[in-house]
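Each remark here refers to the structure printed beneath this line.
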Amino acid sequence: MRLALGQRLRSSGGLARSLIIYWRPGRQKGLKRLYHPFIVPGEVAFDIGAHLGDRSAAFQALGARVVALEPQPELARWFRRIIKHDDITLLPVAAGVESGHAEIAISSANPTLSTLAHDWRGRIGTENPAFKHIAWERTLRVEVTTVDRLIERFGMPCFIKIDVEGFEADVLKGLSHAVAALSVEFVAGVLHVSHACIEELTRLGDYRFNAIAGEQRAFRFATWQTPGAIRRWLDDGADGLASGDLYACRVDHPLVANHV
């Protein structure tokens, strides 16, 4: 009983922090400015690892039909409380290499760090001191789909956001289409995941890359980088950044084609 109560209290605290961080006043304005070049009104956008839906809301406000994936039941419930748009479809599933089921490890105090990547979870605490005290107290069996199946059902996305705590490359392994643009999270200490993502994307097509630090809104590079250049940047330590997102655009995407 005490353990269950403690988990509920930690979960409440984690959700409260997320609400403050991701739904603070003015944040949506910045997100819409960031994603405006990627979103095509009327087309679909995927939000994989949607958490509390701040990105989904920005995509929708820019005119996209949004498909959001969030396998954590409590987060999915809060998503539905916060966001009520007919053109946002929330699926309580995860994405991966193939359809089926998998175990997600849940951190009650830090729900943004819940993950299907068991190897990543085993390494992150030793490779990145910021994660040293993170605990994953329980696991939950969740349904898993693939990006290809999402495309079959909802259509080709103009943009995919993937933020799944070390499972990003596995999500990309379930994709066989060179989509126009996407983003994947990177974290210091486990940059091998980012290298694996680049490998998967170069398998699919000809992409150029950029990066954003943490929750900032400005791209790191004035010009979009080749796969080789972004690999070297990662090998050199990614400017010492604690975390952020790698963005990938197909070479024919206007953001790349207009700046070469």
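For region 174-190, how many residues meet the condition of being touching a Ser or Thr at 6+ places or on another chain (Cβ under 8 Å), over 18 Å from R231 (Cβ atoms) and crowded, with 22+ Cβ neighbours inside 10 Å?
Counting residues in region 174-190 that are touching a Ser or Thr at 6+ places or on another chain (Cβ under 8 Å), over 18 Å from R231 (Cβ atoms) and crowded, with 22+ Cβ neighbours inside 10 Å gives 1.
Within region 125-139, how many residues are part of a loop (DSSP other than H, G, I, E, B) and touching a residue at least 12 places away in the same chain (Cβ under 8 Å)?
The total comes to 5.
From V164, V179, V147, V142, grab the single residue that is touching a residue at least 24 places away in the same chain (Cβ under 8 Å), aliphatic (A, V, I, L, M) and over 19 Å from E70 (Cα atoms).
Just a single option satisfies the conditions, and that option is V179.
From the set of residues in region 137-195 that are of a type in the set (V, I, T) and under 19 Å from E103 (Cβ atoms), which is nearest to the chain's Cα centre (by Cα)?
Among them, the one singled out is V164.
Just to be sure I understand, how many residues within region 216-244 are in contact (Cβ under 8 Å) with a residue 40 or more places away in the chain and closer than 15 Å to L34 by Cα?
Residues flagged as in contact (Cβ under 8 Å) with a residue 40 or more places away in the chain and closer than 15 Å to L34 by Cα within region 216-244 amount to 2.
With G240, G214 as the choices, which residue is surrounded by fewer than 13 Cβ atoms within 10 Å (Cβ to Cβ) and in contact with a strand residue (DSSP E or B) (Cβ under 9 Å, 6 or more places away or on another chain)?
Result of the check over G240, G214: G214.
Checking the condition surrounded by 19 or more Cβ atoms within 10 Å (Cβ to Cβ) and touching a Pro at 6+ places or on another chain (Cβ under 9 Å), which residue from V144, V171, V164, V193 passes?
Among V144, V171, V164, V193, only V144 is surrounded by 19 or more Cβ atoms within 10 Å (Cβ to Cβ) and touching a Pro at 6+ places or on another chain (Cβ under 9 Å).
Bear in mind these aren't lab numbers, they're just calculated from the coordinates by the rules spelled out. Everything numeric here is computed off the predicted structure, so don't read it as measured data. Cβ atoms come from the backbone with ideal geometry, glycine included; neighbour counts cover every protein chain shown.
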